[in-house]
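Structure first, commentary second.
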Ligand code: MG
Ligand code: ZN
C-alpha cells in the first residue's frame, strides 16, 4: 500500500511540473459554446426561482403534500451548477446576478461584475425589444434575488440605493414587500411619489394590487418582508403572480416575469423542515397557477429553478402516510450542490442537460431570439 501511494504522488508531481498544457482551474463559464436554439420560440417567459430549493426541499414538499407537486408537470429537467466567481458556495445575490446577466460575480453583488461595474440585465435587454417586464417576490422587492434583476449595487445590503434603482428602469410591474425602503429614506425622498409621476399605479395590500386593471404597477404586500406562510401570509404569491400576468399579457410584444418563492431559503437557514415545507408548497401552488396559464396561452415558456440549496438538507426518515419527514441539516447556510431546472412550454427542450447557472441567461435570450454582442 505504501509504495503505491508514493508512486501516485511522484506521478502527479511529475505531470504537473513538466506538462505546460495542463491549465489550473479554468472556470467553466469562460468556455463559450453557441447557445442551442429552441425549435419554437416562446413569446413570453416566466422565470421562477425557489430560493434555496434543492432536491430535498422539493422531496419534502411532495411527502408533506401526499401528492404530486405541480412542478412534476414539467417535461424537461436540467441541472444547474451554482458556484459564484469567488466561492464554491454562492449567495442569492451572485446567484440571481448569474441568471439576470449571464456573468458569475462575487457573493453579495447586485447586478455588477467582479469589478463592481454594472452589467446589463435581462430586464434592461428585453425592454429595448418592447417586451413587458415584471418581478414578484415573497421578500422585500429590494432583497437580493429580485434586486439582481433590476439594480446595480456593489452590496446586497444597500436596500435604499436598490429601491432608487427601480426608477432607472421601465419595469412594468413589481410586487413584493419592502415599502419602507421607498418611503422612509435617508435622502428624505418619497420614491412612491416619483414612481407615481412616472406613471405607476401604487398599490398597498393584495386587494389593491388585484384591483389595478391596466398600466404600470408598483405593488407592496408588506412594509418589510411579508410574513411566513405559517404566520398567515395566505396565497399572496399566487394572487400577486396572477395579477402581474394579467397586466403583462396585455402588451403585444410578449413579456418577461420573474417570480421568487423567497422564503424556502429562510426555512433552510432556520433548519426548520416545517418552514421549508410550507414555503415549498406555497411556491408549488404558484407554479400550478403559472403552468395553467402557460398551458392555455400556448406561447409561454416556464422555467423553474433555484439559486442554490440551503441547509444541506436531508430526509433521514419519515412517514409517507402521515406526510411527515425527519429532516436533518449539515449547515445553517447554503451548500454547493447542483440544483434542478424544470422547463415547460415552447423552447423548453434547450433546458435539458447540465450547465452553469449563467447558461440560463443565455438560454432565455436565445428563446426570445435576442442575441447580445
Ligand atoms: Mg431570495
Ligand atoms: Zn440564503
Listed residues 100, 278, 140; largest mean-square fluctuation, Gaussian network over the chain with Cα springs below 10 Å, found at 278
Quick calc, residue 332 & residue 188: beta-carbon distance into FRET formula, R0 35 Å, rounding 0.05, result 0.40
Comparing 241, 90, 116 in a Gaussian network model of the chain (Cα, 10 Å), the one with the largest mean-square fluctuation is 116
Everything considered on the Cα gyration tensor (a ≥ b ≥ c; rounded for a/c under 1.5, else prolate if a/b is larger than b/c, else oblate), the stretch 162-261 must be described as oblate
Across 121, 316, 201, the residue with the highest GNM fluctuation in the chain (Cα network, 10 Å cutoff) is 316
For the pair residue 371 and residue 211, the simple spin-label estimate (label points 7 Å beyond Cα toward Cβ) gives in nm 4.9 nm
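When you have a sec, figure out the Kirkwood radius of the stretch 124-170 from all distinct Cα pair distances and drop it here in Å to one decimal? Present the calculation step by step, with values, prior to reporting the outcome.
Details: mean 1/r = 0.0898 Å⁻¹.
For the stretch 124-170, the Kirkwood estimate is 11.1 Å.
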In Å³ per residue, the alpha-carbon convex hull of the chain encloses 164 Å³
For residue 295, placing the label point 7 angstrom along Cα-to-beta-carbon and taking the stretch 240-262, residues whose amide nitrogen sits under 19 Å are 241-243, 245-246
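Label the stretch 23-182 by shape, choosing from rounded, prolate and oblate, from the square roots a ≥ b ≥ c of the eigenvalues of the Cα gyration tensor; if a/c is under 1.5 it is rounded, and otherwise prolate applies when a/b is larger than b/c, oblate when it is not. Don't skip to the answer; put the middle values down first.
Details: a/c = 1.31, a/b = 1.13, b/c = 1.16.
In terms of gyration-tensor shape, rounded.
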A chain fully extended from residue 86 to residue 128 at 0.36 nm per residue, minus the present Cα-Cα distance, gains in nm 12.0 nm
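Taken together, the values in this text are just the output of simple stated rules run on the coordinates, not laboratory data. Quick caveat, the model's predicted, so the values are computed rather than measured. Please note: Cβ atoms are built from the backbone with ideal geometry, for glycine as well, and neighbour counts cover all protein chains shown.
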